[in-house]
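The values are calculated or read from the model by the stated rules, or taken from the named source; none is laboratory data. For clarity, every value in this text was computed on a predicted model and none was experimentally measured. Cβ sites come from the backbone with ideal geometry, for glycine too, and all protein chains shown count toward neighbours.
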Amino acid sequence: MQARKLSVRSIRRWALFAAAVAILASCESPVPENYHLKSANERKPTPDFALKDASGATVKLSDYKGKVVLLNFWATWCGPCKVEIPWFMDFQKAYKDRDFAVVGVSMDEDGWDAVKPYVEQKKMNYRVVLGNDQVSQLFGNVDSLPTTIVIDREGRIASMHIGLVAKATYQKEIEKLLEAPKDAPKTGAERTAGSEFALLHSN
């Protein structure tokens, strides 16, 4: 527990600094010319997890295979996260019928006591689960919030963004992946026992 508190406090310090910087950024800036989705051959399989949502239901990331997924690590105290959440709600509404989903992983150390009221207040329309340090480590030690991963239909990491980026950047990436043929050949590593796909359960 002590290790978790230290880790989350470290993330919080960075997020407070990032929030100040984010105020100077334009949230609706145009898509940068060098925005990048990894080519299919470059994409690595996304680690799987099994975490609980507010209702107690288990959410497995692997259950979303076949959909384009925006996976967002966030917290209620994270300033840039508060900027992004309405964007992600817009994406969920606009693309949900096109095999797209947003999944939010809260890193709040106070758990559902902090997260559930926030989700209800903001009327967040996408799935939110409670993360932990194990999940953070599985994704390469998430030590900055927000951290957002865009996943293709084959369950592979197409892009990763640390900190606040333009809404249009996410939109461009999502639409590009949604336009890709559903029967595109698989080029990533396959799931094997003991690999980075090892299933992680929340406590």
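Of everything in segment 118-157, what is among the small types (G, A, S) and either surrounded by 18 or more Cβ atoms within 10 Å (Cβ to Cβ) or free of Cβ contacts under 8 Å to residues at least 12 places away in the same chain (or both)? Give them in sequence order.
Taking segment 118-157 and keeping what is among the small types (G, A, S), we get 131, 136, 140, 144, 155.
Of everything in segment 118-157, those that are among the small types (G, A, S) and either surrounded by 18 or more Cβ atoms within 10 Å (Cβ to Cβ) or free of Cβ contacts under 8 Å to residues at least 12 places away in the same chain (or both) turn out to be G131, S136, G140, G155.
When we screen V115, V59, V69 for residues that are surrounded by 22 or more Cβ atoms within 10 Å (Cβ to Cβ) and in a strand (DSSP E or B), the only hit is V69.
Identify, please: which residue in segment 158-170 is without any contact (Cβ under 8 Å) to a residue 40 or more places away in the chain and closer than 12 Å to L37 by Cβ and is, among those, surrounded by the most Cβ atoms within 10 Å (Cβ to Cβ)?
So the residue we want is H161.
Consider segment 118-158 and keep the residues that are among the aliphatic types (A, V, I, L, M), part of a helix (DSSP H, G or I) and in contact with a strand residue (DSSP E or B) (Cβ under 8 Å, 6 or more places away or on another chain). The one that is nearest to E42 (Cα to Cα) is V135. Considering the conditions (1) of a type outside the set (V, I, T); (2) touching a helix residue (DSSP H, G or I) at 6+ places or on another chain (Cβ under 7 Å); (3) within 25 Å of L37 (Cα to Cα); (4) crowded, with 20+ Cβ neighbours inside 10 Å, E173 is excluded by exactly one of them, (2).
All conditions but one from (1) modelled with pLDDT under 95; (2) within 15 Å of M107 (Cβ to Cβ); (3) of a type outside the set (G, A, S) apply to P185; the one that does not is (2).
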